[in-house]
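Working notes for the structure below.
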Amino acid sequence: MSLQYQSTNPTASHLPKSIYYVKYLVEWVQWLLLNTNIESLILEWKQQLLKIPHANDIQQAQEWKTFQWKNSDEDRYETPQHKISLFIDWLNPRGNKQAGKQESMVLILLTCLNLPPNLRHKPAHLFFFWIVPGPNFPRTITFSKILKPLVHKL
């Protein structure tokens, strides 16, 4: 977790032009799993899913059980213990206007799919990766640049 700033001309002033808060994915996962009872909730939910005969959750999918991730440092594949979902939401911060000026804002969120469904999307368990401010709709190249650090970390 760190506080970072960006200035277009650092010699002109010692005050930052914009300040933004950064929390890295690895730190968030560590924080989430160190949370008091998260690991036990994940294990309890996994045990409950074994008792349900029909598909009730993404964890029951065959792809979930057989997914392999190549370790970039070595020539071997491994199954990740915790799976993370990426969610991108476009919204109009001024409301849903049919006529007139519209603005666009984007939230990029991550959540741990191992959590029980009733906890996955609670704000306390979401990782706010990025908030892309408006007022204009971001271009595709913008998303490539925004997601690059996340993909690099994974």
task: Could you tell me whether the range 76-91 includes any residue that is out of contact with any Ser or Thr (no Cβ under 9 Å at 6 or more places or on another chain), at pLDDT below 80 and surrounded by 12 or more Cβ atoms within 10 Å (Cβ to Cβ)?
output: yes
message: Within the range 12-27, does at least one residue satisfy the condition of being at pLDDT 80 or above and exposed (fewer than 12 other Cβ atoms within 10 Å of the Cβ)?
response: yes
query: So which pairs qualify, if the first residue must be in the range 19-33 and among the aromatic types (Phe, Trp, Tyr), the second must be modelled with pLDDT of 80 or more and in a strand (DSSP E or B), the Cβ gap must be under 7 Å, and the two must be at least 6 apart or on different chains?
result: Trp28/Phe127
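Residue-by-condition table, conditions (1) modelled with pLDDT under 75; (2) aliphatic (A, V, I, L, M):
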| site | (1), (2) |
| --- | --- |
| Glu74 | yes, no |
| Leu109 | no, yes |
| His125 | no, no |
| Gly134 | yes, no |
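Conditions tested, residue by residue: (1) of a type outside the set (A, V, I, L, M, F, W, C); (2) under 30 Å from Ala55 (Cα atoms); (3) touching a Cys at 6+ places or on another chain (Cβ under 6 Å).
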{"residue": "Ser104", "(1), (2), (3)": "yes, no, no"}
{"residue": "Cys112", "(1), (2), (3)": "no, yes, no"}
{"residue": "Pro117", "(1), (2), (3)": "yes, yes, no"}
{"residue": "Ala124", "(1), (2), (3)": "no, yes, no"}
{"residue": "Val132", "(1), (2), (3)": "no, no, no"}
{"residue": "Phe137", "(1), (2), (3)": "no, no, no"}
{"residue": "Pro149", "(1), (2), (3)": "yes, no, no"}
- prompt: How many residues, within the range 99-137, are surrounded by fewer than 16 Cβ atoms within 10 Å (Cβ to Cβ) and part of a strand (DSSP E or B)?
  reply: 3
Members of the range 37-54 that are within 22 Å of the chain's Cα centre (by Cα) and assigned to a helix (DSSP H, G or I): Ile38, Glu39, Ser40, Leu41, Ile42, Leu43, Trp45, Lys46
message: Just to be sure before I move on: is Leu43 modelled with pLDDT of 85 or more and out of contact with any strand residue (DSSP E or B) (no Cβ under 6 Å at 6 or more places or on another chain) in the structure I sent?
response: yes
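The values are calculated or read from the model by the stated rules, or taken from the named source; none is laboratory data. If you're wondering where the values come from, they're calculated on a predicted model, not measured in any experiment. Neighbour counts run over all protein chains shown; Cβ positions are idealised from the backbone, glycine included.
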